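These notes are about the structure you will find just below.
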Amino acid sequence: MVSPSVRVFHSRRSASRAFVAATSIGSFWLLNSIASVPPPVPPRVHLKHASGGTCEVAGYGAHVMSWCPETDNEQLFVGSQAVVGQEGLAIRGGVPIIFPQFGTFTEAADAPGLAHGFARKSFDWRLARKTDDSASFLLVPGDASPRSPAEQRSWPADFELLYTVSLGSGSLRMTMEVANKGDKPLEFTGCLHTYFKCQSSQKCTVHGLKGEKLDLRIGDKFRGDTTEEREFVQFTDHEETQLMYGDARNDAIVIKEDGRERLRLTKSNMPDWILWNTGAENGSGIKDLDEGEYKKYICVEPGFTSSPVRVAPGATWVGTHEAQLLGSSA
């Protein structure tokens, strides 16, 4: 019997409703028609939209490193001491792909036991398709090199993960598609762990979360024992911000910086919102951040974490996240 806390995708028909956000960039078609062995991802993939927006994705971990919706208007933070492509080391900043396990959450069947999963540390991403303003990256089992995490090689799931990054006018869209190619249900948790650049984290607020259930500190499962009563959530410099809003009803939230609207974030088929910043409490102990650099970012993340996603054999789960520029952070 399936636990009521597990989200189940039984068939291609039940999954098809989730494809609404993905079909506009053709990724549903792509998932079923890509070459059997696409080429490896180059060290960097560069995208440019007709409006002038740009994006850069590292081949290691299919990791979004930069997004400028306008010239010289960087929206993502990358730590000054971040290392790209070192075996076993995640990149500090940008958009790490957390899959198939969020943190120490091990409620999903066959959870690999590796905090934040293996996707962000994998050398085995392949470039499935690229246009001027869009690129799709593919990760499949049985393709793992010795340099990738051992948990990737030992995870028993038969899956395909297709990750599409695309630019619009003032926007960045990221779509994850997980196809179950095996003969038993596939379960996983995760998120898109986005680091947004800012001038001062304590001047940043998130609007649209009032009334949502949350955990004030993230453990190894979602408790939902608190309700958000604030009109907006403010990051603080003196202590760590670590909040998870599980099964959030609001799929659209707004980030303000210094009182001005800056970004509108939306999610589809990703039920959770996660807010994080180390603050002075933990920021100075992170080796790939300079002293005080924790003040220069906030993490506002769409997640599928509070309960495992469960995908039936032959079905596909799709989750989409989009950031839209409302005002400059300069």
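When residues in region 208-234 are screened for being within 21 Å of the chain's Cα centre (by Cα), of a type in the set (K, R) and part of a loop (DSSP other than H, G, I, E, B), 2 of them pass. Touching a residue at least 12 places away in the same chain (Cβ under 8 Å) and surrounded by fewer than 19 Cβ atoms within 10 Å (Cβ to Cβ): is that true of V37 in this structure? So V37 passes the test. When we screen G142, G168, G190 for residues that are of a type outside the set (D, E, K, R) and more than 22 Å from M270 (Cβ to Cβ), the only hit is G142.
Put simply, of T189, T194, T205 the only residue that is β-branched (V, I, T) and closer than 17 Å to G246 by Cβ is T189. Checking S148, S136 one by one, the residue that is buried (at least 24 other Cβ atoms within 10 Å of the Cβ) and touching a helix residue (DSSP H, G or I) at 6+ places or on another chain (Cβ under 8 Å) is S136 and no other. Of all the numbered requirements in (1) outside any strand (DSSP E or B); (2) in contact (Cβ under 8 Å) with a residue 40 or more places away in the chain; (3) touching a strand residue (DSSP E or B) at 6+ places or on another chain (Cβ under 7 Å), E70 misses one, and that requirement is (3). Only one of these is surrounded by 24 or more Cβ atoms within 10 Å (Cβ to Cβ), on the phi < 0 side of the Ramachandran plot and out of contact with any helix residue (DSSP H, G or I) (no Cβ under 8 Å at 6 or more places or on another chain): P69, P96, P100, P42. Name it. Exactly one of P69, P96, P100, P42 is surrounded by 24 or more Cβ atoms within 10 Å (Cβ to Cβ), on the phi < 0 side of the Ramachandran plot and out of contact with any helix residue (DSSP H, G or I) (no Cβ under 8 Å at 6 or more places or on another chain), namely P69. Against the test of being assigned to a loop (DSSP other than H, G, I, E, B), surrounded by 15 or more Cβ atoms within 10 Å (Cβ to Cβ) and modelled with pLDDT under 65, the options I91, I25 yield a single qualifying residue, I25.
Taking region 138-154 as the region of interest, how many residues are within 20 Å of the chain's Cα centre (by Cα), in contact (Cβ under 8 Å) with a residue 24 or more places away in the chain and assigned to a loop (DSSP other than H, G, I, E, B)? Residues that pass the stated criteria total 2. Scanning region 80-130 for residues that are polar (S, T, N, Q) and without any contact (Cβ under 8 Å) to a residue 60 or more places away in the chain yields a total of 1.
Of all residues in region 72-88, those that are out of contact with any helix residue (DSSP H, G or I) (no Cβ under 6 Å at 6 or more places or on another chain), modelled with pLDDT under 95, more than 14 Å from T194 (Cα to Cα) and of a type outside the set (V, I, T) total 7.
The values are calculated or read from the model by the stated rules, or taken from the named source; none is laboratory data. Source: prediction; values computed, not measured. In this analysis, Cβ positions are derived from the backbone assuming ideal geometry, glycine residues included, and neighbour counts consider all displayed protein chains.
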